1. Could you say which residue among Ser571, Ser552 is in contact with a helix residue (DSSP H, G or I) (Cβ under 7 Å, 6 or more places away or on another chain) and of a type in the set (S, T, N, Q)?
2. When you look at Ser561, is it touching a residue at least 60 places away in the same chain (Cβ under 8 Å), on the phi < 0 side of the Ramachandran plot, of a type in the set (Ser, Thr, Tyr) and not in a strand (DSSP E or B), yes or no?
3. If a residue counts only when it is open to solvent by less than 20 Å² (accessible area, probe 1.4 Å), which helices (runs of 4 or more DSSP H) contained entirely in the range 284-353 have at least 3 such residues?
4. Residues that are polar (S, T, N, Q) and open to solvent by 50 Å² or more (accessible area, probe 1.4 Å): which strands (runs of 3 or more DSSP E) entirely in the range 449-514 hold 2 or more of them?
5. From the list Ala160, Ala117, Ala143, which residue is touching a residue at least 24 places away in the same chain (Cβ under 8 Å), in contact with a helix residue (DSSP H, G or I) (Cβ under 9 Å, 6 or more places away or on another chain) and open to solvent by 20 Å² or more (accessible area, probe 1.4 Å)?
6. Could we say that Lys409 is open to solvent by 70 Å² or more (accessible area, probe 1.4 Å) and either among the polar types (S, T, N, Q) or modelled with pLDDT of 80 or more (or both) here?
7. Inside the range 73-88, can you point out the residues that are without any contact (Cβ under 8 Å) to a residue 12 or more places away in the chain and hydrophobic (A, V, I, L, M, F, W, C)?
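The values are calculated or read from the model by the stated rules, or taken from the named source; none is laboratory data. Because the structure is predicted, anything quoted here is derived from the model rather than measured. Ideal geometry is used to build each Cβ from the backbone, glycine not excepted, and the neighbour counts take in all protein chains shown. Heavy atoms of the whole protein, side chains included, go into the accessibility calculation; ligands, DNA and RNA do not. Shrake-Rupley method; radii C 1.70, N 1.55, O 1.52, S 1.80 Å.
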Amino acid sequence: MITTDELRKRFLDFFKSKNHKIVPSDSLAPKNDPSVLFTSAGMNQFKEQFLGKVTDFRRAASSQKCLRTGDLEKVGHTPSHHTFFEMLGNFSFGDYFKKDAITWAWEFLTKDLKITAEKLWVSVYEEDNESYNIWLNEIKVPANKIYKFGQKENFWPSNAINDGPNGPCGPCSEIFFDWGKDTGCGKSDCSPACDCGRFVEIWNLVFTQFNRKEGGKLDPLPNKNIDTGMGLERIVSCLQGVKTNFEIDIFKPIIDEIRQILEIKPFQFSEKLNCIADHIRAVVFAIGDGVLPSNEGRGYVVRKLIRRASWFAQESGFKKPFLYKLVSRICNLMKEPYPELAKRRDNISDIVLSEEEKFINNINEGSDLLKETIAELKSKNINRISGQIIFKLYDTYGFPLELTEIFAKDNNLELDLAGFNQEMEKQKKMARAGSNISGDIFSKDIIDLLPTQFLGYETTRKEVQIIQIVKSKQSADKIKEGDEAWIILDKTPFYGESGGQVGDTGKIYSSDKKSLAEVVDTKQIDGSIAHIVKVKKGGFKIQDKVLAEVNSERRQAIRRSHTATHLLQSSLRKVLGEHVQQSGSLVEPDYFRFDFTHFKDLKDDELARIEDLINEKIRANDKLSVEVMEKDKALKSGAIALFGEKYGESVRVVSIADYSREFCGGTHLDYTGDVAMMLIDNEGSVGSGLRRIQAFTGKLAYEKLKNSSKILKDLSVMLKAKIEDIPSQVESLLEKNKKLEKEVMSLTEENISLQIADIINSSKKTVEDYSYIICQFKNLDSDILRKASDLLISKLTKKSVIFLASDNGLFICRVSKDLKDKTSASGILGKILESFGGSGGGRPDFAQGGLKDKSRLSQVMKKAEEIIKKELSQ
């Protein structure tokens with residue numbers, strides 16, 4: 001039986017023999033393509049080749065990691081839907097076309113994989129006679145096994161002729177695997193058009209030959225392209241003779257382990273187990289590519305998948321974290337094609353465990369909120385849970401809709417599902433608007449820019465020529481004083497923002513200095529370097545010879561920061577472990593921000609050791625060296641690449657002595673001593689398993705130390721103590737203050753206790769046979785205010801509501817337990833504060849809140865009287 005690893009290799013070897021360049025899988029989270037949330041198809045990474053911008057190779061093949069969530073609800077319930085999967089594909093960029101694509105697909109399936117022709121059926125677009133004739137006359141597929149379908153099934157994008165979008169498109173031809181007459185509906189006329197399961201689409205050949213224009217007009221493309229896709233898991237299931245992808249060699253061990261952990265008997269709960277296996281695979285690969293769980297964008301997808309998988313286990317009765325245990329199994333199953341996963345195995349496992357623990361805690365908190373909501377609704381004879389509440393539970397707490405339905409059913413309540421769906425749609429619209437995702441991988445925001453040769457590694461000043469001017473996103477021949485524009489030069493010493501390093505600033509001027517443009521920023525865009533300028537005097541036109549001069553003092557400060565980030569990563573890996581990987585950075589003049597993978601809080605001594613190591617390396621004045629080499633050779637030499645970054649065949653490697661070696665295109669110092677010093681300013685968490693260090697170098701680090709020294713001297717004078725004695729002096733003062741605070745609190749509590757009887761006599765009011773107290777105190781903290789509420793509620797005991805306020809904006813509401821079916825403390829407090837911009841929460845019998853605008857306190861007290869009276873009189 002062929003294994004998944006063997007099939008992947010055979011596919012790539014086959015197309016290598018057909019002179020295709022074998023391209024490694026791109027990251028699931030492409031950094032330079034705003035059109036997609038995740039890589040969803042093999043062709044995504046070849047966007048530049050399809051557009052004709054990159055022509056260093058005309059044929060390619062890959063096995064691409066993909067992640068899709070469009071059919072999330074189908075995952076686990078059908079034989080072949082997945083979130084994460086691998087897409088085998090071969091591609092032609094203006095080279096071969098239909099005949100070769102069809103011939104090679106058939107050859108691979110029938111000759112290499114030895115699938116009998118009787119098992120294969122095909123489909124073509126109904127108007128694509130060329131493909132039909134190739135299948136019929138060249139490949140010799142019988143006419144009764146070639147099906148013609150419309151543009152919905154056999155055109156890419158689907159229905160593009162009628163519905164758009166404009167841009168590259170074309171017909172496609174699909175190849176189907178036939179499981180035989182014993183599978184599916186059993187009808188004599190069953191065909192690939194039937195969805196009974198007998199026929200499985202295994203390969204889609206897309207022939208991109210048209211450019212769609214408005215009105216559905218199809219113009220032939222000057223260069224016709226091939227884009228094919230074959231789901232790896234799907235073709236493996238056919239060859240391994242199993243009816244679902246979840247039974248193949250890279251899935252079954254995961255499902256078996258899940259079944260064992262959850263103690264589920266064979267053949268029970270199978271669809272949910274499939275979902276769990278699918279989701280945890282997607283999570284492992286996404287985190288492996290640097291996507292960490294969060295509340296937005298890609299991170300939200302990862303968080304949602306973890307929560308779904310965890311919830312499916314809870315439905316089976318298993319309430320503990322377990323997904324993290326599966327990480328090791330997945331890394332081991334996928335180690336041959338993706339060995340890099342093993343390096344992050346422990347870190348990925350820790351991140352998953354943390355997310356599981358948070359979700360389980362959220363479920364408990366959400367249950368409390370839902371119980372409180374149900375109690376409040378019942379007290380008001382309302383039998384419907386609003387869509388807003390359902391959505392809050394779902395979105396904030398990860399509370400599954402199914403669980404809300406169970407609670408509602410047990411309490412004879414209806415769910416406002418229409419309102420919930422409206423809230424869901426609102427969120428989706430906001431997510432789409434905030435993500436900057438166009439949905440079209442061929443979308444263009446600006447005109448094509450001409451390429452620029454970068455000379456900034458060698459010099460900061462150079463005589464160059466203007467080759468392009470862009471003003472207001474349009475090409476321009478010239479610019480004048482006062483204009484703001486982009487200038488493209490044939491070559492430049494200016495570094496364009498990329499890799500976290502900010503762009504250079506400086507000036508561009510004519511040799512006679514009559515024309516001057518200030519370069520306020522520099523951007524690197526698709527092989528071009530755009531100088532963003534403000535023309536200060538004179539003017540410029542295309543073909544002008546000019547001098548380009550970088551602000552060298554600012555550049556040097558940036559170089560200090562960038563070299564320091566390399567020293568930091570090396571030190572982090574030495575102190576914390578080699579699991580540490582850079583996840584992002586911002587490199588500015590004498591300041592940098594560095595994000596890295598690490599699961600635990602850094603201890604003070606660890607942070608101090610890291611800072612000491614870096615400054616030791618600075619004082620050692622170690623030499624930096626730069627080498628351009630083949631990517632594979634660089635990786636084998638131990639050079640570290642940035643997560644999710646896409647590199648070419650040759651890479652620039654920056655090394656420091658024998659302890660740091662990284663892929664890097666940024667500008668660096670010649671010696672570490674030129675950093676002068678590095679000072680860590682802040683360290684903290686920025687997400688699950690992700691931490692951030694902010695630091696200063698050079699002049700800014702010196703200014704920081706100088707300022708800290710001044711503060712210490714000032715404190716020394718104020719405390720009349722030596723600098724080395726300041727900590728003990730401050731500790732002594734804090735201890736004295738703590739004792740005084742306790743004494744004040746004790747006296748205040750005594751005073752409040754003495755006032756309780758007077759408060760009841762003067763403030764107690766009644767509504768029918770209920771009583772309530774509304775009272776305001778001067779400057780009480782929350783502990784004393786709560787103590788006062790405890791004393792009052794203990795005296796009133798039954799049918800009572802208490803609302804207490806402090807003039808510093810704190811509020812407490814108490815409701816005696818015998819009123820829990822009538823009203824709730826959190827409900828009363830919420831209604832009182834909602835119109836004043838306050839906030840609060842709690843339980844049915846106790847709630848507390850606050851108000852920023854203290855000037856509205858008297859209005860709050862009047863509102864409290866109104867709300868409490870209304871609640872008690874209902």
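1. On the way: Ser552 fails: in contact with a helix residue (DSSP H, G or I) (Cβ under 7 Å, 6 or more places away or on another chain).
Just one listed residue meets the conditions, Ser571.
2. Numbers: touching a residue at least 60 places away in the same chain (Cβ under 8 Å): yes; on the phi < 0 side of the Ramachandran plot: yes; of a type in the set (Ser, Thr, Tyr): yes; not in a strand (DSSP E or B): yes.
Yes, satisfied.
3. Details: elements: 297-315, 327-333, 340-343.
It comes to 297-315, 327-333.
4. Working: elements: 461-471, 474-476, 478-480, 484-489, 506-509.
Output list reads 474-476.
5. Details: Ala160 fails: open to solvent by 20 Å² or more (accessible area, probe 1.4 Å); Ala143 fails: touching a residue at least 24 places away in the same chain (Cβ under 8 Å).
After ruling out the rest, the residue left standing is Ala117.
6. On the way: open to solvent by 70 Å² or more (accessible area, probe 1.4 Å): yes; either among the polar types (S, T, N, Q) or modelled with pLDDT of 80 or more (or both): yes.
Spelling it out, Lys409 is indeed open to solvent by 70 Å² or more (accessible area, probe 1.4 Å) and either among the polar types (S, T, N, Q) or modelled with pLDDT of 80 or more (or both).
7. none
One line per residue, one yes/no per condition, for (1) of a type in the set (Phe, Trp, Tyr); (2) modelled with pLDDT of 90 or more; (3) touching a Phe, Trp or Tyr at 6+ places or on another chain (Cβ under 6 Å); (4) more than 30 Å from Ser789 (Cβ to Cβ):
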residue	(1), (2), (3), (4)
Ala721	no, no, no, yes
Val730	no, yes, no, yes
Val744	no, no, no, no
Thr748	no, no, no, no
Ser753	no, no, no, no
